[in-house]
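Please read the structure below before turning to the comments.
The values are calculated or read from the model by the stated rules, or taken from the named source; none is laboratory data. Everything numeric here is computed off the predicted structure, so don't read it as measured data. No Cβ is skipped: glycine too gets one built from the backbone with ideal geometry, and neighbour counts run over all protein chains shown. All accessible areas refer to the heavy atoms of the entire protein, side chains included, with ligands and DNA or RNA removed. Shrake-Rupley method; radii C 1.70, N 1.55, O 1.52, S 1.80 Å.
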Amino acid sequence: MRKQFSTLLRPRGPALWYLVEFLIFPGIPLLAMGITRLFGGEAPFYLADLGFECAAILLLLEFLKGFLLTGGINEESGWRGFALPRLQSKYPVLVSALIVWFFWAAWHLPYDFGRGDELRWILENRLVWNLVVSIIMVWLYNRTNGSLLAVALFHPAMNAFGNMITNTPASRILLAALAV
């Protein structure tokens, strides 16, 4: 346990993968917004009225909240820090990703229903997009030689930028393509 959780303090793997994880979010949503606008679609930037400085501060605070208090350290310590290495020692990578995805999605259901989210959104988000992101996170975890820090940084980046930047069909296609 100590060895696994020490990867929160000492990054593993090539630094390139840490850069890649920060290019996925906000990179994919921003690229998708540009693609959508290029083809005449609507993709509002919700933070545009705040100005660059305020938007950057808001995103940073949202990221830090996610890293320290919600999905980052605490969720990923269990999902990818504890469960994933044990599953991967017994099952293929994709099967391990599917098992983690199932429990990770189920874990969020009380939160989703408690917020009063629409059932259609809950099903799409948890059954489709959590699966896509789970595969990407396992890929990042493995590319960083099992670094818990990598996924603990990716999760709040996904939440902060994914929630604050318009989610377009182009962003869904790009994320699915990345997972494939």
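Checked against the criterion of being within 13 Å of the chain's Cα centre (by Cα) and closer than 19 Å to Met158 by Cα, the range 96-104 contains one or more residues that satisfy it.
Screening Leu69 with (1) over 15 Å from Asn163 (Cα atoms); (2) without any contact (Cβ under 8 Å) to a residue 12 or more places away in the chain; (3) open to solvent by less than 60 Å² (accessible area, probe 1.4 Å) gives one miss only, at (3).
Residue-level analysis places Gly116 among those that are open to solvent by 50 Å² or more (accessible area, probe 1.4 Å) and small (Gly, Ala, Ser). If I filter the range 81-92 for residues that are part of a loop (DSSP other than H, G, I, E, B), among the basic types (Lys, Arg) and modelled with pLDDT of 85 or more, do I get at least one hit? Yes: one or more hits. Across the range 142-161, not a single residue is classified as free of Cβ contacts under 8 Å to residues at least 60 places away in the same chain, of a type in the set (A, V, I, L, M, F, W, C) and in a helix (DSSP H, G or I). Out of contact with any Leu (no Cβ under 8 Å at 6 or more places or on another chain), among the hydrophobic types (A, V, I, L, M, F, W, C) and open to solvent by 60 Å² or more (accessible area, probe 1.4 Å): does that describe Leu64? The answer is yes for Leu64. Among residues that are part of a helix (DSSP H, G or I) and either touching a helix residue (DSSP H, G or I) at 6+ places or on another chain (Cβ under 7 Å) or touching a residue at least 24 places away in the same chain (Cβ under 8 Å) (or both), Tyr111 is not included.
Quick one: is Leu23 open to solvent by 100 Å² or more (accessible area, probe 1.4 Å) and under 19 Å from Ala177 (Cα atoms)? When the stated conditions are applied, Leu23 passes them.
Is it the case, given these coordinates, that Thr36 is in contact (Cβ under 8 Å) with a residue 24 or more places away in the chain and in contact with an Asp or Glu (Cβ under 8 Å, 6 or more places away or on another chain)? Considered against the rule, which asks whether it is in contact (Cβ under 8 Å) with a residue 24 or more places away in the chain and in contact with an Asp or Glu (Cβ under 8 Å, 6 or more places away or on another chain), Thr36 comes out as yes.
Here Phe39 clears all of (1) exposed (fewer than 12 other Cβ atoms within 10 Å of the Cβ); (2) among the aromatic types (Phe, Trp, Tyr); (3) modelled with pLDDT under 90 except the condition numbered (3). Condition check: assigned to a helix (DSSP H, G or I), open to solvent by less than 20 Å² (accessible area, probe 1.4 Å) and in contact (Cβ under 8 Å) with a residue 12 or more places away in the chain. Does Asn130 satisfy that? Taking the combined requirement at face value, the residue satisfies it. Being open to solvent by 10 Å² or more (accessible area, probe 1.4 Å) and at pLDDT 95 or above is a property that does not hold for Ser96.
Tell me, yes or no, whether the range 42-55 has at least one residue that is touching a Gly at 6+ places or on another chain (Cβ under 9 Å), farther than 16 Å from Val151 by Cβ and surrounded by 12 or more Cβ atoms within 10 Å (Cβ to Cβ). Yes, the range 42-55 contains at least one residue that is touching a Gly at 6+ places or on another chain (Cβ under 9 Å), farther than 16 Å from Val151 by Cβ and surrounded by 12 or more Cβ atoms within 10 Å (Cβ to Cβ).
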